[in-house]
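The structure appears below as structure tokens.
The values are calculated or read from the model by the stated rules, or taken from the named source; none is laboratory data. Nothing here was measured: the structure is a model prediction, and the numbers come from that model. Note that we place each Cβ from the backbone using ideal geometry, even for glycine, and neighbour counts take in every protein chain shown. For the accessible areas, the whole protein counts, side chains as well, though only heavy atoms, and no ligand, DNA or RNA atoms are used. Shrake-Rupley method; radii C 1.70, N 1.55, O 1.52, S 1.80 Å.
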Amino acid sequence: MSPSAESPRPNNQVELELAGQRLCLRGDHSLFWPARSTLFVADTHFGKAGVFRKQGLGVPSGTTDADLARLGTALAETQAQRLIVLGDFVHAPPTADTPWLARFAAWRAQHAQVEMIVTRGNHDRGERLPIDCDLRWHAGSLFDTPFVLRHEPEADPRGPVLAGHVHPVVHLGAGRERLRVPVFWRHADGLMLPAFCSFAGGQRISPAAGDRVFVVGDGEVVEAAIG
């Protein structure tokens, strides 16, 4: 794969038409749907670094705060009235005294005007958080014409699926000069989002002919040529 000649837009996003709808693929790993004033993110995995530190692993702190700040900026820039997290909102079920939870509650209060929905992912074990944060949890897929919103990217006869779960990445370059970068992946069944969590691994994808892949890096989005 190599970057195509298409450049990202000045506000660090690329527009994509899907099922007759204009979608904005943003350099912060979020997806904006202007017609419904809706911002999508996938795989936020809030609290992941803390879980690893409890296991004795030396991982950096502050990743959840950084991701919340980035998400707040995305809401401000898009003026979205609705935020939908496409699964794996948390990395592990928090208790009421989990440190990041209070910080999230304060962040949520700052964005009280925004409706927030979570389509539950495999890490979201439980119906709700142990504190009231005004989140609406939805098990399984959520149909919002023309899109099917869910965590795992399974085909659905109702329409294109917007999903996460895989943390899609591609490798760019050749030989020792290779980069592993997150991507948006437009495939036959819909659109897969990159993980929003800044402390997330990724799975290398194998795009088919006709697919489109959009590389995300340094706050920009660039379409990559397949082949």
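Per residue, what volume in Å³ does the Cα convex hull of the stretch 68-227 take up?
Values: hull volume 21.0 nm³, N = 160.
Taking only Cα atoms, the stretch 68-227 has a hull volume of 131 Å³ per residue.
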With label points set 7 Å from each Cα along the Cα-to-Cβ direction at residue 137 and residue 176, the distance between them in nm comes to 5.0
Measure off 7 Å from each Cα along the Cα-to-Cβ vector at residue 189 and residue 81, then give the distance between these two points in nanometres to one decimal.
3.2
Two-decimal ratio, the stretch 109-166, of alpha-carbon radius of gyration to 2.2 N^0.38 Å:
1.24
Quick check for you: which residues of the stretch 134-149 have the amide N under 14 Å from the point 7 Å beyond the Cα of residue 19 toward its beta carbon?
141-149
From the Cα trace of the stretch 167-227, what convex hull volume per residue do you get, rounded to a whole Å³?
93
Calculated FRET value between residue 97 and residue 65, using beta carbons and R₀ = 22 Å, to 0.05
0.80
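Tell me the carbon and sulfur percent of the accessible area for the stretch 100-216, rounded to whole percent, probe radius 1.4 Å.
Working: 2810 of 5710 Å².
Carbon plus sulfur share of accessible area: 49 percent.
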Positive dipole terminus of the stretch 134-227, leading residue within 179, 197, 151 (C-beta point charges)
179
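Full extension from residue 37 to residue 122: what is 0.36 nm times the residue separation minus their Cα-Cα distance, to one decimal in nm?
Extra length from residue 37 to residue 122 when fully extended: 27.9 nm.
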Using the charge dipole of the stretch 59-217 (Lys, Arg: +1 at Cβ; Asp, Glu: -1 at Cβ; taken about the Cα centre), state which of 165, 72, 207 has its Cα farthest towards the positive end.
207
Cut-off under 5 Å, modelled amide H: who pairs with residue 191 long-range
161, 162, 163
Collect residues whose amide H, placed 1.01 Å from N in the peptide plane, falls under 5 Å from the amide H of residue 42; neighbours closer than 5 in sequence don't count.
86, 196
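Excluding residue 37 itself, calculate the net charge of residues whose Cβ lies under 14 Å from the Cβ of residue 37, where each Lys or Arg counts +1 and each Asp or Glu counts -1. Please list the in-between numbers first.
Values: positive: 22, 36, 82; negative: 77, 115, 144.
Result for the neighbourhood of residue 37: 0.
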